[in-house]
Amino acid sequence: MSAGEMRRVTAINNGTVIDHIPAGSALVVLQMLGISDDRASPISLVMNVPSSKHGRKDIIKVEDRELTQDELDRLALIAPKASVAIIRSYAVAEKREVTIGTELVNVASCTFSNCITINPREPQDHRLNVVKTDPLELRCRYCGRPQVMSELIGNLI
């Protein structure tokens with residue numbers, strides 16, 4: 001394949017490129033990051049493209065927006081192996097790591113409706129322990145309940 005055939009999306013002047021998102025997960029990533037279609041700046045989305053590392057992958061390019069560290073922490077829930085490049089003047093200005101440590105603090109609240117962290121009269125930090133990274137398995141530090149990933153996305157803080 002020639003370089004022209006490989007390029008599916010045009011380059012961006014300033015913004016963020018999120019690469020190596022698990023195939024089929026890009027729409028969830030957009031939702032999780034609060035990136036919607038009512039933005040004035042373009043969003044490019046490529047889904048289910050070949051990847052030498054993962055077989056298939058999704059890619060998102062968001063113009064005129066750089067992801068914060070909090071957003072990178074959220075991204076780790078869906079795409080812990082993603083690579084993030086910050087683009088300035090059509091060039092990669094910096095690369096940011098998507099990492100998941102041993103605990104996520106105030107990224108998402110526990111999915112168990114009776115957990116103490118949900119009670120507004122007893123404010124607690126929302127702490128989720130990382131039990132396993134591949135596939136990602138989380139447990140609430142307080143109630144010990146395993147977290148259902150599809151529900152956890154709806155509980156992002």
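The values are calculated or read from the model by the stated rules, or taken from the named source; none is laboratory data. Just so we're clear, the structure is a prediction, and the values are computed from it rather than from any experiment. Because the Cβ atoms are built from the backbone with ideal geometry, glycine has one as well, and the counts that use them run over all protein chains shown. Surface areas here come from the heavy atoms of the whole protein model, side chains and all, with no ligands, DNA or RNA. Shrake-Rupley method; radii C 1.70, N 1.55, O 1.52, S 1.80 Å.
Worth pointing out:
- At an R0 of 22 angstrom, the distance between the Cβ atoms of TYR90 and GLN31 translates into a FRET efficiency of 0.20.
- Two-site FRET efficiency, ARG121 against GLU97, from Cβ-Cβ distance with R₀ of 30 Å, rounded to 0.05: 0.20
- Computed over the stretch 1-139: relative contact order in percent, which uses C-alpha pairs under 8 Å that are six or more apart: 23
- Once the Cα-Cα distance is subtracted from the 0.36 nm per residue extended length, the SER51 to ALA11 segment shows a gain of 12.5 nm.
- Ranking THR133, THR16 from most to least accessible surface, computed with a 1.4 Å probe over the protein chains only, gives THR133, THR16.
- Descending Cα extents along the principal axes, the stretch 56-137, whole Å: 49, 28, 19
- Spatially close lysines, pair count over the chain: Cα under 17 Å, gap of eight or more or interchain: 6
- Computed from point charges on the beta carbon alone (+1 for Lys and Arg, -1 for Asp and Glu), the dipole magnitude for the chain about its Cα centre is near 340 Debye.
- Heavy atoms of HIS54: accessible area, 1.4 Å probe, square angstrom to 10: 80
- Treating each Cα of the chain as one equal point scatterer and applying the Debye formula with no solvent, the log10 of I(q)/I(0) at q = 0.19 Å⁻¹ comes out as -1.18.
- For ASP64, the accessible surface of its heavy atoms amounts to roughly 100 Å² (probe 1.4 Å, protein chains only, rounded to the nearest 10).
- Carbon/sulfur fraction of accessible area - the chain, other protein chains in place, 1.4 Å, %: 47
- Positive-pole candidate from PRO123, ALA108, ALA82, dipole of the stretch 1-148, charges at beta carbon: ALA82
- Rounded to the nearest whole Hz, the Karplus-based 3J(HN,Hα) values (6.51 cos²θ - 1.76 cosθ + 1.60, θ = phi - 60°) of the stretch 115-131 follow the sequence 5, 4, 5, 8, 6, x, 7, 10, x, 10, 5, 8, 10, 10, 7, 8, 7, with x at glycine and proline.
- Relative contact order for the stretch 43-125, counting Cα pairs under 8 Å that sit 6 or more residues apart, in percent: 18
- For ARG145, residues with placed amide H under 5 Å, excluding near neighbours: CYS140
- For the chain, the longest principal axis of the Cα atoms and the long axis of helix 69-78 meet at an angle of about 90 degrees.
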